[in-house]
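**Student:** A single structure is presented below for examination.
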Amino acid sequence: MKPVSYIVMGVSGSGKTSVGKLLAQKLKLPFYDADDFHPTSNIKKMREGNPLTDEDRMPWLEILQREISTWEHGGVLACSALKESYREVLQSKNNIKWIYLKGNAKLISERMAQRDHFMKPEMLDSQFEALEEPNYGIHLDITNPLDSLVSEILSNLIPMNLSNIGIIGMGVMGKSLAKNALSKGLSVSVYNRLTPEEAGIIPDLISEVNSPKLNGFTSLEPFISSLAEPAIVLMMIPAGEPIDACIETLIPLLHKGAILIDGGNSFYKDTQRREQSLKLHGIEYLGMGVSGGEQGALHGPSFMVGGSFEAYTKVKELLDPISAQDPFGYKCLGYMGADGAGHYVKTIHNGIEYAEMQLLAEVYALLKPSLNNEEIAEVFKEWNEHGLGSFLLETTIEILLKKEDNQYLLDFVLDQASSKGTGTWSSISALEMGVPANLLIEAVIARSISNLNPLRTKLSKSLDTVSYASTIDTEMLKEAYQFARILNHQQGLSLIAATSEKENWNIDLSEVLRVWTNGCILRSELVVWLIPLMKEQNNLLTHPEIFTILKQSEVSVVEIIHQGMEQRTPLPCFSSALNYWYGITTKDSSASLIQAQRDAFGAHGYQRTDKGQGEWFTSQWNSNG
């Protein structure tokens, strides 16, 4: 049987050469340009602006027909082949697969004007007049990107195995998740938009991975067509408008029953809105919190999923192999509840994370006046190995010891900490729900203060105050640190519980903690320890073991804050933890005065300690009244 040769046809300027060369590269075949085989008389005629006649073309076509027959393994030929009679000559005695590049005259004319082609652009009209479109072969729209055109050709020529999952957005997280899924034996289709800055992302990934189970696209239509039904698509793109824009583009491409997953840090109310909207189109929508950063995504992240339970069960078998494994042998993949539950849990996860990072920064600030980086790292190593092990502590040790040109890199990092939406959303949610999560709020405020660098620098130079470096008792500091961390987690979990009740999510807090035991930024010995306690008590403060630890640690926290004040070291999260502890364990608070003030100037009323619960009173507080 004769080898197959591929002819890419169309009018001049349609991209035959570009498509043909890339196709030949993919098929590992030689590439030929039909223009190179024109007799000299034809080239001269075209340069003069005179269109070729059928009589002119026939010798050229016969040369091509004979040339193709000599290709031992076939080849790829770029040839106009405008008329059916021309194609019949080329087809005779040869095994040809036809690829037709279709475009309008205006677009092609613009392309011709930008090229140094021996044929003058004004001859384009005559080519369109002569064109007889084939009713066979592969027809392609030339407005699509080059690599998408070639991918579509290959998918027609070589039957492509349909992918288990599609991932949109090949940033750090999307790319790492794709590699993770491939390493677990899943077939994956990936899509990334085509811009001048991102043009190499898909080709580079395909070259790097070099797996038959990976299909890459820069056009959404063939990307969706490459997925097994029902299509499961994971979006790993920035939250907000990019998600809405992506959804609008996908709706007409997805069939009913498709499942769209938002793996970004989206606001949970946006997730609720999107889920309701997509239901009208018969498309399932899952909001999925993904934690673990680049390494987590690559080796096994933590997944917090929200949406319909039925849709979750359909994607679970795909997410299960790529998620991290908890200490009990299960996967760090959990169903949090309906609609926005997954994204909400991830938001509060990040809020807790803000406070955990701030606490470590405060510990570092306390120790820095008296210890160098190596010594601080040694303190953290001892903590990490004896009861306080965590991902954040391990990461901080690595940061402290990192050197560049034999100097600690941390010493050259500008003290301005950026933040994204989840910290702010956590704080707003705490205020809206009336949950006193003051540690995460203070952590967000601390980052805001850090960004006032010019003002901080100016004001510091105007101070005459002397600070005193204290020798910090690291055992006492360790106790204070654990005290604040317990309260930070307790506040975050209380916030999840309150919102879950309001939204009817029925979130299992012990399951939330279990999902956080590995693969995510919050993974720690503390989280593992809290799981059984959370099953016994819905509020950690009422658990006897927790309460005893907090009560015994109070003196250490007070001493550490006192030493921090002597050093003029701001300790917003340590102070917030102590103030919260004082407030939550105080029977008779000063709030009686606040409520009396509210009644005095706004007649808001108050309840009395000597009357029944629920009875309200108002008084004339003005002495002249």
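Just so it is clear, none of the values below were taken in a lab; they were calculated from the coordinates. Quick caveat: nothing in here was measured; it's all calculated off a predicted structure. Don't worry about glycine lacking a Cβ; one is built from the backbone with ideal geometry, like all the others, and counts go over all protein chains shown.
**Student:** Less than 18 Å from a label point 7 Å out along the Cα-to-Cβ axis of Ser370: which backbone N atoms in segment 558-584 qualify, by residue?
**Tutor:** 558-571
**Student:** Moving to a separate point now. Return the whole-Å distance between the Cα centroid of segment 468-519 and the Cα centroid of segment 173-211.
**Tutor:** For segment 468-519 versus segment 173-211, the Cα centre distance is 36 Å.
**Student:** Where Lys and Arg each count +1 and Asp and Glu each count -1, what net charge lies around Ile521 among other residues with Cβ under 12 Å from its Cβ?
**Tutor:** -2
**Student:** Pulled fully out, how much extra length does the chain show between Phe617 and Thr395, if you take 0.36 nm times their separation in residues and subtract their Cα-Cα distance?
**Tutor:** Fully extending the segment from Phe617 to Thr395 adds 74.4 nm.
**Student:** On each of the three principal axes of the Cα atoms of segment 1-138, give max minus min coordinate, whole Å, ordered largest first.
**Tutor:** So the extents along the principal axes, rounded to whole Å, are 42, 30, 27.
**Student:** So for Leu227, Leu431, fewest C-beta neighbours within 10 Å to most, what's the order?
**Tutor:** If I rank by nearby Cβ atoms, fewest first, I get Leu431, Leu227.
**Student:** Right, something else. Can you run phi through the Karplus equation (6.51, -1.76, 1.60; θ = phi - 60°) for segment 101-106 and list ³J(HN,Hα) in whole Hz, with x for Gly and Pro?
**Tutor:** Running phi through 6.51 cos²θ - 1.76 cosθ + 1.60 with θ = phi - 60° gives 9, 10, x, 8, 4, 5 Hz.
**Student:** Now, a different point. What list of ³J(HN,Hα) values in whole Hz, one per residue of segment 244-255 in order, does the Karplus curve 6.51 cos²θ - 1.76 cosθ + 1.60 (θ = phi - 60°) give from phi, with Gly and Pro shown as x?
**Tutor:** Here the 3J(HN,Hα) series is 4, 5, 5, 4, 4, 6, 7, 3, x, 8, 8, 8 Hz.
**Student:** Here is a further query. Alpha carbon centre of segment 323-394 versus segment 407-427: separation in Å?
**Tutor:** When both Cα centres are located, 15 Å separates them.
**Student:** Amide H to amide H, which residues 5 or more places from Asn215 or on other chains are under 5 Å from it, using H placed in the peptide plane?
**Tutor:** Val188, Ser189, Val190
**Student:** If I take R0 = 41 Å and measure r between the Cβ atoms of Asp320 and Leu431 in this structure, what FRET efficiency does the formula 1/(1 + (r/R0)^6) give, to the nearest 0.05?
**Tutor:** The formula returns an efficiency of 0.65 here.
**Student:** In whole Å, what is the distance between the alpha-carbon centres of segment 546-625 and segment 1-56?
**Tutor:** 84 Å
**Student:** How would you classify segment 360-584 from its alpha-carbon gyration tensor, with a ≥ b ≥ c the square roots of the eigenvalues: rounded for a/c under 1.5, else prolate if a/b is greater than b/c, otherwise oblate?
**Tutor:** prolate
**Student:** Under the rule of at least 5 residues apart or a separate chain, name every residue whose amide H is placed under 5 Å from the amide H of Ser163.
**Tutor:** Residues meeting the criterion, in which the H sits 1.01 Å from N, are Leu227, Ala228.
**Student:** Add -39500 (n - 2.57) for each DSSP H run of 4 or more in the chain, then divide by its residues: what number comes out at 222 nm, to the nearest 500 deg cm²/dmol?
**Tutor:** Theoretical 222 nm ellipticity from helices: -16000 deg cm²/dmol.
**Student:** Evaluate the charge dipole of the chain about its Cα centre and quote only its size in Debye, nearest 20, assuming +1 on the Cβ of each Lys and Arg and -1 on the Cβ of each Asp and Glu.
**Tutor:** 780 debye
**Student:** Given Lys403/Lys551; Lys16/Lys45; Lys381/Lys461; Lys179/Lys420; Lys106/Lys175, which pairs have Cα atoms separated by over 30 Å?
**Tutor:** Cα-Cα > 30 Å for Lys403/Lys551; Lys381/Lys461; Lys106/Lys175; rest within.
**Student:** How much net charge surrounds Thr313 when only the other residues with a Cβ under 13 Å from the Cβ of Thr313 are counted, with Lys and Arg +1 and Asp and Glu -1?
**Tutor:** With Lys, Arg at +1 and Asp, Glu at -1, the net is -2.
**Student:** Using only C-alpha positions, report the orientation-averaged shadow area of the convex hull of segment 295-427, nm², one decimal.
**Tutor:** Result: 10.5 nm².
**Student:** Sticking with this one: Suppose R0 equals 22 Å. What FRET efficiency, 1/(1 + (r/R0)^6) with r the Cβ-Cβ distance, do Asn453 and Lys403 give to the nearest 0.05?
**Tutor:** Approximately 0.35, to the nearest 0.05.
**Student:** Can you give the translational diffusion coefficient of segment 170-283 in µm²/s, computed by Stokes-Einstein from the Kirkwood radius over Cα pairs at 10 °C and 1.306 mPa s?
**Tutor:** Translational diffusion coefficient: 107 µm²/s.
**Student:** Of the DSSP beta bridges with both residues in the chain, give the percent that are antiparallel, rounding to the nearest 5.
**Tutor:** About 20 percent, rounded to the nearest 5.
**Student:** Also: When every alpha-carbon pair in segment 197-245 is counted, what percent end up more than 15 Å apart?
**Tutor:** Summing the P(r) of segment 197-245 above 15 Å gives 61 percent of all pairs.
**Student:** For a quick check: with amide H placed at 1.01 Å from N, whose amide H comes under 5 Å from Tyr100's, ignoring anything fewer than 5 positions away on the same chain?
**Tutor:** Those qualifying (amide H under 5 Å, at least 5 residues apart or on another chain) are Met9, Ile138, His139, Leu140.
**Student:** In whole Hz and in residue order, list the ³J(HN,Hα) couplings for segment 498-505 that follow from phi through the Karplus curve 6.51 cos²θ - 1.76 cosθ + 1.60, θ = phi - 60°; x for Gly and Pro.
**Tutor:** Result, rounded to whole Hz: 5, 5, 4, 5, 5, 8, 6, 8.
**Student:** Out of these labelled values of semi-axes √(5λ) of the Cα gyration tensor in Å, (1) 50, 37, 26; (2) 66, 27, 24; (3) 53, 28, 21, which was calculated from the coordinates shown here?
**Tutor:** Step by step, semi-axes √(5λ) of the Cα gyration tensor in Å for this structure corresponds to label (2).
**Student:** Right, here's the next one. Counting only other residues whose beta carbon sits under 14 Å from that of Ala355, what net charge do I get with K and R as +1, D and E as -1?
**Tutor:** After counting each charged neighbour, the total is -2.
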